[in-house]
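The values are calculated or read from the model by the stated rules, or taken from the named source; none is laboratory data. Since the model is a prediction, treat every value here as computed from it, not as a measurement. Cβ atoms come from the backbone with ideal geometry, glycine included; neighbour counts cover every protein chain shown. Surface areas here come from the heavy atoms of the whole protein model, side chains and all, with no ligands, DNA or RNA. Shrake-Rupley method; radii C 1.70, N 1.55, O 1.52, S 1.80 Å.
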Amino acid sequence: GAQMGLELNYARFRGGQVGFYRTSDRTIQLQGQYNFIKDGNGPIGFSTVINVDGTDNFSDEFSPGVALVLSRELGDRGAIYLQPSWIGNTNLITDEGDDYTAMAGLGLRFRAARNTYLFVEGSPRFAGYDPGVTLISFGFEQRAGGHVFQLNFSNGFGPTLAQVARGGSRRDDWYLGFNLSRKFY
């Protein structure tokens, strides 16, 4: 089956936003993000993300997380991202072993045409719970005004930070997905 999600982010002031994300497996993620340095206003962009997700419509198995997001624009041709993250309560299967995951999200985005971008991203884990393979995705985005359509290929379903920390499926399982987003100015 498909993993569907609906997300709403609201920015009350410049650089900050809060968000609500619900997936079809009844996981809800609440998050806040603050952008300390915008890409292009310095040598790197820097922001922090604090979130918590809860299963069964935010009534069970809460997984808090924190991430630092470092970004570097590559002129008008692309960007590179590094996102070290710590997520608690990632081991939902057993009481043995670690119950947290630390990972280093990496991403690259390159402009292939005027409004078309290619991307690749992965989240290798370097400490803590390690049940599945590193979640990896790649694909392309097409921008039209405030809309972005993304077609992606991934080795897992995990859209929330805690689900990404738990890893992807077996190495030979790949999935086709898409995202549609709209930014209101």
Roughly to the nearest percent, how much of the accessible area of the range 1-103 is carbon and sulfur, given a 1.4 Å probe?
57 percent
Going 7 Å from the Cα of residue 8 toward and past its Cβ, which residues in the range 55-97 have a backbone nitrogen under 13 Å from where you end up?
none
Hits in the range 23-41: amide N under 18 Å from the 7 Å Cα→Cβ extension of residue 173, namely 24-27
1.4 Å probe accessible area per residue over the chain, in Å²:
61 Å²
Peptides 24-33, 82-91: what's the order by average Cβ count within 10 Å, highest mean first?
82-91, 24-33
So, by mean Cβ neighbours within 10 angstrom, what's the order for 4-15, 121-132, 150-161 with the highest one leading?
150-161, 121-132, 4-15
Based on the Cβ-Cβ distance from residue 93 to residue 151, what FRET efficiency comes out when R0 is 25 Å, to the nearest 0.05?
0.20
Given 37 °C, 0.692 mPa s and a Kirkwood radius over Cα pairs, the Stokes-Einstein diffusion coefficient of the range 108-180 in µm²/s is 250 µm²/s
Projected-area average for the range 3-86 over all orientations - Cα convex hull basis, square nanometres:
6.5 nm²
The range 1-43: proportion of alpha-carbon pairs further apart than 17 angstrom, %
48 percent
Of all C-alpha pairs within the range 57-125, those more than 18 angstrom apart amount in percent to 53 percent
Given bins 5 angstrom wide, list per bin the percent of all Cα-Cα distances in the chain, short to long.
1, 8, 14, 19, 24, 19, 10, 4, 1, 0, 0
What do you get when you divide the Cα radius of gyration of the range 19-67 by 2.2 N^0.38 Å, with N the number of residues?
1.45
